[in-house]
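J.: One structure, as structure tokens, below. Some questions next.
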């Protein structure tokens, strides 16, 4: 790249490596180098792309506000239901716990996290596995308390148009010829992965507190 596109590489060199490379991220990306978050937001705005600029900005503002209110409500309901982590984290912990049930762990260096792990079926003298508190192995950023902090910001309503300053710029009108009129559901361009696979016979949970037995309309942890 330096030989073919020196200007592009010079621009990239101005960005700290920890912000765009997994090798220098200090473990903050947790092995993920995907754009799933961007794709999710992009899909939310897909139906608004053809709107005029002002309408598009207003739509982004209103949907962002609705998203923050909804997610904050869910986090609060799960905390009142005495959950500590989101469902996907809990599922991963249970999966790892099941896989490590027959392992014997011998600790050698606590400060440097040096351990010797052996399958209990291969140990000559069978012992009970050593148990650790699973929460010590989960980064605090994944706790519901910290996730709730990301949605604590509150938005203020946009003031009535009577209070706006007079607009003196040009007026833009959308070109009706450029609008797409294709019947049916548009084809998605996102590459499917294992996260898109549904779990058969998965019990239904409340979308707010993530507890079985009720739904969000009658969630006991939702405040009026």
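The values are calculated or read from the model by the stated rules, or taken from the named source; none is laboratory data. If you're wondering where the values come from, they're calculated on a predicted model, not measured in any experiment. Cβ atoms come from the backbone with ideal geometry, glycine included; neighbour counts cover every protein chain shown.
J.: Just give me the residues in segment 79-97 being modelled with pLDDT of 85 or more, farther than 30 Å from residue 48 by Cβ and either touching a helix residue (DSSP H, G or I) at 6+ places or on another chain (Cβ under 7 Å) or not in a helix (DSSP H, G or I) (or both), in sequence order.
T.: Listed by number, the residues that qualify are 79, 81, 82, 83, 84, 85, 89.
J.: What are the pairs with Cβ atoms under 8 angstrom where one residue, in segment 1-30, is at positive phi and the other, located anywhere, is at pLDDT below 85 and surrounded by 11 or more Cβ atoms within 10 Å (Cβ to Cβ)? Sequence gap at least six, or different chains.
T.: Here the result reads 26/18; 30/139, each pair linking segment 1-30 to a residue that is at pLDDT below 85 and surrounded by 11 or more Cβ atoms within 10 Å (Cβ to Cβ).
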